[in-house]
Amino acid sequence: MTETVTTHEPYARAVQEPDDAPVPHLSVVVPVYNEEESIPLLYQRLTVELESLGLPYEIIAVDDGSRDRSFDLLRDLARRDRRLRVVRFRRNFGQTAAFSAGFDRARGDVVVTIDADLQNDPADIAALLTKIEEGYDVVSGWRERRHDPFLNRRLPSMIANRLISWATGVHLHDYGCSLKAYRRDVVRGIRLYGELHRFIPAIASWQGVSVTELPVRHAPRRFGTSKYGINRTLRVLLDLVTVRFLLSYGTRPMQIFGLLGILAGGAGLAIGAYLTWIKLAYGAAIADRPLLLLAVLLIVLGVQFISLGLIGELVVRTYYETQAKPIYVVREEVNGDG
């Protein structure tokens, strides 16, 4: 039996989950940072949509060090509804850390992420799940009609999306949309740092997952102010370099650093050989030539790149071997041992 708790608050009805409740099929992860005005309405809209699906679910709200009443509101809701789990950070660690904490605790076969600012519509979750049921591993929301300022939000986002698609080979219109759906085994195998949460579809592509995107609704911000600015675009671009390296050379760093070392060192040796030849053949003075300095610099850089590649190889082997972490991902196995 379920117990209905009545209050006089706007998000009045909350259902207390029974002790023998089934394991959730769906986990919804919501990062929260200073969203006290949005939380009551978000909870109400989420529960209405999730209950209409007829699936066991849980909501994991991660309070990312809010300085307002966000955690107090979430805690009160969680006391009335055991399907709501609340995680509170000691300080603001960022949205990526919030998503990571939610993924670590998600029990559902499908994990959906959504922002707490009410700009994502919970009604779109059903469409994401339909795509997952069609066989996709990652379904990314696409804010086709985005209600944000053009210069400091939409324009940088357009540029970043094109760069990310070009660099990773995973072509999406809107990497920055938080409304996404994943199979749990996809996000469980990914470790997130920096601003990498937006790159999950690209990082997951290493596993050979199937990725698609779906147009979703986007509403103007109703409460508070955006936590994102144009300075975040610069951090995203730096993380893009990391993602590109991880996707291409994460398990074989010597192949990139060694190649750079050979090119630099080879060019330095070639210049040095040319200077030696003109010195011996023609008696030309080479001490004051900029080419001599360039040759020495390139040879030193070549040695440094190769040394960096060797260190990278040691780090990669330490990373995988100490954790017994495989360098492959199995999709399925027939008549296997496990």
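The values are calculated or read from the model by the stated rules, or taken from the named source; none is laboratory data. Note that the structure is predicted; figures quoted are calculated from it, not measured. For neighbour counting, all protein chains shown are included, and Cβ atoms are generated from backbone atoms with ideal geometry for every residue, glycine included. Side chains included, ligands, DNA and RNA excluded: accessible areas come from the protein's heavy atoms. Shrake-Rupley method; radii C 1.70, N 1.55, O 1.52, S 1.80 Å.
Looking at segment 45-188, send over the antiparallel percent of its DSSP beta bridges, to the nearest 5.
Around 60 percent of the beta bridges assigned by DSSP in segment 45-188 are antiparallel ones.
Pick out, in residue order, every one of the GluC sites (Glu not before Pro) in segment 80-180 that is DSSP loop and has at most 14 other C-beta atoms within 10 Å; say none if there are none.
Answer in residue order: E134, E144.
As an exercise, use a Förster radius of 35 Å and the Cβ-Cβ distance of T242 and R184 to find the FRET efficiency, rounded to the nearest 0.05.
It comes out at approximately 0.90.
Might you report the magnitude of the Cβ-based charge dipole of the chain about its Cα centre, with Lys and Arg at +1 and Asp and Glu at -1, to the nearest 20 debye?
That gives a dipole near 1220 debye.
Can you say what percent of the DSSP beta bridges in the chain, counting only those with both residues inside, are antiparallel? Round to 5.
35
Given labels modelled 7 Å from the Cα in the Cβ direction, how far is it in nm from R82 to L297?
6.8
What residue among L263, F89, M158 has its Cα farthest toward the positive end of the dipole of the chain, where the charges are +1 on Lys, Arg and -1 on Asp, Glu, each on the Cβ?
Selected residue: L263.
On a full-extension model of 0.36 nm per residue, what is the gain between E321 and S52, subtracting their alpha-carbon distance, rounded to one decimal in nm?
92.3 nm is the gain from fully extending E321 to S52.
What FRET efficiency comes out for N92 versus L269 if R0 is 45 angstrom and r is the Cβ-Cβ distance? Round to the nearest 0.05.
0.30
Give me Rg/Rg_expected for segment 43-139, where Rg uses Cα atoms only and Rg_expected = 2.2 N^0.38 Å with N residues.
That works out to 1.10 for segment 43-139.
For R105 and I256, calculate 0.36 nm times their separation in residues minus their Cα-Cα distance, and state this gained length in nm to one decimal.
On the way: separation 151, 0.36 × 151 = 54.36 nm, distance 3.61 nm.
That works out to 50.7 nm of additional length.
Roughly speaking, what is the stretch gain from L41 to A287, that is 0.36 nm per residue apart minus the C-alpha to C-alpha distance, in nm to one decimal?
Net length gain for the segment: 81.1 nm.
Considering segment 258-303, what Rg and Dmax in Å follow from its alpha-carbon atoms?
11.1, 35
Taking every pair of alpha-carbon atoms in the chain, what share in percent sits in each 20 Å bin, from 0 to the bin with the longest distance?
All Cα pairs, binned at 20 Å, distribute as 26, 47, 19, 7, 1 percent.
Could you order L293, L41 so the one with the most accessible surface comes first? Probe is 1.4 Å.
From most exposed to least exposed: L293, L41.
Using label points projected 7 Å from each Cα along Cα→Cβ, tell me how many nm separate A123 and S307, to one decimal.
The two pseudo-label positions are separated by 6.2 nm.
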